[in-house]
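Submitted below is the structure of interest, expressed as structure tokens.
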Amino acid sequence: MPYIKSKIESLKRSNCALDTTFFQAVEEVLISIKPLIDADPTYAKHSIIDRILTPDRMVKFKVTWMDDKQNIKVNTGYRVQFNNALGPYKGGLRFHPSVNEDILNFLGFEQIFKNSLTGLPIGGGKGGSDFDPKGKSDFEVMKFCKAFMTELHKYIGPRIDVPAGDIGVGAREIGYLFGQYKKITSTYEGILTGKPHMFGGSLMRPEATGYGLIYFTQRMLEIEDKEPLKDKICTVSGSGNVAIYTIEKLYSLGAIPVTCSCSKGMIYDKRGIDLNLIKEIKLQRRGCLEGYLETYPDASYIKIEDYPKNTHPVWDIPCYAAFPCATQNELTQEDAKKLIKNKCTVVAEGANMPSTTEAINLFHKSTVMFAPAKAANAGGVAVSEFEMSQNASMTPWSAQRVDEKLKETMFSLCDNVSRTAKEYGVTGNYVDGANIAGFKRVADAMIAEGV
Ligand code: NDP
């Protein structure tokens with residue numbers, strides 16, 4: 001049996017259940033890298049696939065904390081340290097009830113290749129907890145974060161593993177986590193990125209993933225000889241960190257983002273979303289998007305629960321460019337059919353793995369250009385690495401310097417992905433280009449470092 005096929009089959013037979021998100025992510029990478037593995041037997045000789053599929057370690061710990069009514073609560077915390085061939089483990093922390101080992105294995109695995117694609121010295125990791133910050137008071141979030149870091153601090157360090165934010169972990173949570181690390185260790189060091197600027201955070205880190213996504217898309221449109229985003233209708237899902245700064249950058253380029261969404265519903269405002277209002281609702285009030293209608297009664301709010309299960313209202317809206325920025329598997333085969341029918345030109349992923357495998361296959365068979373997350377949303381981790389660099393040298397950079405470096409990084413990442421796809425005979429396939437280029441850099445480092 002051919003090598004890659006045998007690896008997928010043995011994975012299917014292993015304890016890794018077929019319907020896991022981890023298997024979904026792994027299968028995509030293995031299929032993509034076939035031309036590289038076939039061309040160079042060194043990777044098989046060094047068992048790189050077996051080695052890269054297994055995390056270096058997964059730490060799982062109990063987090064006990066007390067809510068405002070003096071009830072003792074118990075959550076589970078995790079950190080998966082996947083691969084450090086290129087540098088310290090690096091990847092976000094997610095606080096969401098859906099967090100479990102499978103989700104973190106998928107996110108940690110993807111992070112290896114994303115970090116590799118940035119060309120920066122960072123390995124791959126991920127972590128988090130099934131704790132839900134929603135509906136909790138600031139004090140409760142603080143108590144949880146402090147309890148979480150009381151365990152996590154044993155496993156991280158500026159040269160070991162440097163976590164950041166992700167779903168449910170923003171500047172507030174990072175601040176509490178950093179404060180607790182400092183208290184326990186009496187050291188003031190860059191063990192987290194995405195910190196508020198007043199204690200070592202990089203300027204432009206909040207903007208980085210969304211801005212980077214749009215820089216990547218701009219470059220891809222140029223390479224593929226398509227019209228730029230100016231005056232084009234764009235759809236965005238999500239209304240968190242990534243979605244907000246995606247919308248902000250779209251406006252700065254003269255595009256018209258008309259949607260945003262949350263886990264409960266979608267806002268469609270055909271004049272263009274009022275971003276200041278979204279920021280106020282989501283970041284200050286931590287409220288529901290339906291509140292948008294109080295200011296703009298003629299906009300539409302569609303509840304997710306009123307919609308068929310395997311599809312999402314955002315992808316019904318005709319657009320030139322679509323940016324899924326909420327969560328994994330939020331853009332299905334049915335959604336892909338709608339985007340293709342409505343003659344969408346490009347889909348670029350801001351969230352991690354938001355499109356299902358079936359949706360991606362449909363895009364590849366159509367004229368829709370598809371930018372996969374591990375390349376298109378790498379701007380966040382790139383600026384996190386800039387933050388590590390600023391912390392290590394105790395020298396903050398200006399916002400302009402960070403933004404210029406971010407743009408340069410995303411343009412060159414896009415060029416590299418496109419060039420690699422061409423080199424391996426899959427011109428225009430940014431999924432294969434990203435997987436091959438990301439895999440090759442890590443695999444070559446692993447071989448050079450020995451077993
Ligand atoms: P936030 O927590 O700031 O926002 C998440 C958004 O997604 C919210 O609008 C949330 O809605 C929505 N959402 C979450 N879960 C679901 C769900 N099951 N169904 C529908 N909507 C959902 O997270 P981020 O913006 O930071 O992250 C978004 C995505 O981007 C994630 O996939 C993350 O891994 C990825 N990412 C983030 C980076 C970063 O720098 N922050 C870097 C690279 C990738 P609600 O408000 O109702 O919860």
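Compare the Cα positions of L213, I72, F131 along the charge dipole of the stretch 68-214 (+1 at Cβ of Lys, Arg; -1 at Cβ of Asp, Glu; about the Cα centre) and return the one farthest towards the positive end.
Checking the options against the dipole of the stretch 68-214, the answer is I72.
Then there's this: Sequence gap at least 6, Cα distance under 8 Å: using those rules, report the relative contact order of the stretch 208-367 to the nearest whole percent. Write out the running numbers ahead of the final one.
On the way: 319 pairs, mean separation 34.9, N = 160.
Averaging sequence separation for qualifying contacts and normalising by length gives 22 percent for the stretch 208-367.
Okay, next question. What lysines does K226 reach when the alpha-carbon gap must be under 28 Å and sequence neighbours fewer than 8 apart in one chain are set aside?
Here the lysines satisfying the reach criterion relative to K226 are K114, K249, K270, K337, K338, K341, K343, K365, K374, K405, K407, K422.
For the stretch 55-188, with only Lys/Arg (+1) and Asp/Glu (-1) charged at the beta-carbon, what is the dipole magnitude about the Cα centre, in debye rounded to 20? Mind dumping the intermediate values first?
On the way: 19 positive and 14 negative charges, 73 e Å.
Result for the stretch 55-188 is approximately 360 debye, rounded to the nearest 20.
Additional query: What area, in nm² and to one decimal, does the C-alpha convex hull of the stretch 78-125 cast on average over all directions?
2.9
Based on the Cβ-Cβ distance of K134 and H364, what FRET efficiency does E = 1/(1 + (r/R0)^6) give at R0 = 45 Å, to the nearest 0.05?
On the way: r = 36 Å, r/R0 = 0.80.
The calculated FRET efficiency here is 0.80.
Along the charge dipole of the stretch 320-400, Cβ charges K/R +1 and D/E -1, which of M394, L331, M353 sits furthest on the positive end?
L331
Moving on to the next point. For the ranges 432-440, 418-426, what's the packing order if you count other beta-carbon atoms within 10 Å of each residue, average per peptide, and put the highest first?
Numbers: 432-440: 25.7, 418-426: 17.2.
Taking the mean over residues of other Cβ atoms within 10 Å, the ranking is 432-440, 418-426.
Take the Cα gyration tensor of the stretch 1-135, multiply each eigenvalue by 5, square-root it, and list the three semi-axes largest first, rounded to whole angstrom.
33, 17, 11
Using the Karplus equation 6.51 cos²θ - 1.76 cosθ + 1.60 (θ = phi - 60°), what ³J(HN,Hα) coupling, rounded to whole Hz, does each residue of the stretch 258-275 give in order, writing x for Gly and Pro?
Running phi through 6.51 cos²θ - 1.76 cosθ + 1.60 with θ = phi - 60° gives 10, 9, 7, 8, 9, 5, 9, x, 10, 9, 10, 10, 5, 6, x, 5, 7, 5 Hz.
Something else: So how strong a dipole does the stretch 208-367 carry about its Cα centre when Lys and Arg Cβ are +1 and Asp and Glu Cβ are -1, to the nearest 20 debye?
For this selection, approximately 60 debye.
List the relative contact order of the chain as a percent without decimals, with contacts defined as Cα pairs under 8 Å and 6+ residues apart.
About 15 percent, as a whole number.
Then there is this: Which semi-axis lengths, in whole Å and largest first, follow from the square roots of five times the eigenvalues of the Cα gyration tensor of the stretch 292-428?
31, 23, 13
Follow-up question, since we're still on this one. How much space per residue, in cubic angstrom, does the convex hull of the C-alpha atoms of the stretch 55-188 take up?
Values: hull volume 13.0 nm³, N = 134.
Spread over its residues, the Cα hull of the stretch 55-188 gives 97 Å³ apiece.
Here is a follow-up. Go through 34-43, 99-108 and give me the packing order, highest mean Cβ count within 10 Å leading.
For the peptides 34-43, 99-108, the packing ranking is 99-108, 34-43.
What is the P(r) of the stretch 208-367, as percent of Cα-Cα pairs per 10 Å bin from 0?
That works out to 11, 44, 36, 8, 0, in percent per bin.
Beyond 43 Å, what percent of the Cα pairs of the chain remain?
Tail of P(r) above 43 Å: 9 percent of Cα pairs.
May I ask for the net charge around Q81, where only other residues with Cβ less than 11 Å from the Cβ of Q81 are counted and Lys, Arg are +1 while Asp, Glu are -1?
In short, +2.
Can you give the extra length, in nm with one decimal, that the chain gains between L293 and A392 once fully stretched, where that is 0.36 nm per residue apart less the Cα-Cα distance?
Here the segment from L293 to A392 would lengthen by 31.0 nm.
FYI, it's all coordinate maths here, none of it is from the lab. Not measured: the values here are computed from a predicted model. Because the Cβ atoms are built from the backbone with ideal geometry, glycine has one as well, and the counts that use them run over all protein chains shown.
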